[in-house]
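These notes are about the structure you will find just below.
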Amino acid sequence: MTPVSYAARILPLLQPLGLKILMEPGRFISGNAGVLVTRVEFVKRTGKKNFVIVDAAMNDLIRPAFYDAHHEIVPLVKKGGITLKSDVVGPICESGDYFCKDRPLAQVGEATIWRC
């Protein structure tokens, strides 16, 4: 949704109040202003799950832990190949320290660099 389309939807509801309305665009402007680059430290494969442990943590990108937000996760150098359902997790021993769960991602090994 653009700021103009948002204003078009909300103004008719607010105009009868006779108030001066101020809006701060915040995340709309700055939300896509950066990327998180992280390195795969370890890949742990169990009988049921594939865990990719990276050197970034929930304190570096809190939105997946707080809001279950989806962020694209891709290798800096794409090589193709097979994908595996994986959980990308940080090194903090906390259940909320994750970037994605059960997402089909390119199969990676240690020292792979990702962009989140």
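The values are calculated or read from the model by the stated rules, or taken from the named source; none is laboratory data. Keep in mind that what you see is a predicted model, and the values were worked out from it rather than measured. Methodologically, a virtual Cβ is constructed for each residue, glycine included, from the backbone with ideal geometry; neighbour enumeration extends over all protein chains shown. Heads up: the accessible areas ignore ligands, DNA and RNA and are worked out on the full protein's heavy atoms, side chains in. Shrake-Rupley method; radii C 1.70, N 1.55, O 1.52, S 1.80 Å.
Assorted remarks:
- With respect to (1) surrounded by 11 or more Cβ atoms within 10 Å (Cβ to Cβ); (2) over 16 Å from Glu110 (Cα atoms); (3) modelled with pLDDT of 90 or more, the lone exception for Asp87 is condition (2).
For every residue, the table says whether it meets (1) at positive phi; (2) free of Cβ contacts under 8 Å to residues at least 12 places away in the same chain; (3) touching a Cys at 6+ places or on another chain (Cβ under 9 Å).
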residue: Leu14; (1), (2), (3): no, yes, no
residue: Gly31; (1), (2), (3): no, yes, no
residue: Thr38; (1), (2), (3): no, no, yes
residue: Thr46; (1), (2), (3): no, yes, no
residue: Lys49; (1), (2), (3): no, no, no
residue: Asp60; (1), (2), (3): no, no, yes
residue: Asp68; (1), (2), (3): yes, yes, no
residue: Val74; (1), (2), (3): no, no, yes
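- Test: residue in segment 16-34 that is part of a loop (DSSP other than H, G, I, E, B), of a type outside the set (Ser, Thr, Tyr) and within 18 Å of Ile113 (Cα to Cα): yes
- Those residues of segment 62-74 which are surrounded by fewer than 16 Cβ atoms within 10 Å (Cβ to Cβ) and out of contact with any helix residue (DSSP H, G or I) (no Cβ under 9 Å at 6 or more places or on another chain), in sequence order: Ile62, Arg63, Phe66, Tyr67, Asp68, Glu72, Val74
- Qualifying residue in segment 11-24 (condition: open to solvent by 80 Å² or more (accessible area, probe 1.4 Å) and among the β-branched types (Val, Ile, Thr)): no
- Yes/no for Glu94 being open to solvent by 30 Å² or more (accessible area, probe 1.4 Å) and modelled with pLDDT under 90: yes
- The set of residues in segment 8-50 being under 30 Å from Ile92 (Cβ atoms), of a type in the set (S, T, N, Q) and out of contact with any Phe, Trp or Tyr (no Cβ under 7 Å at 6 or more places or on another chain) consists of Ser30, Asn32, Thr46, Asn50.
- The residue that is nearest to Leu61 (Cα to Cα), counting only those in segment 97-116 that are buried (at least 18 other Cβ atoms within 10 Å of the Cβ) and more than 17 Å from the chain's Cα centre (by Cα), is Thr112.
- All positions within segment 36-53 that are surrounded by 14 or more Cβ atoms within 10 Å (Cβ to Cβ) and in a loop (DSSP other than H, G, I, E, B): Leu36
- Taken over segment 1-15, the residue count meeting the criterion of being in a loop (DSSP other than H, G, I, E, B) and of a type in the set (Val, Ile, Thr) is 1.
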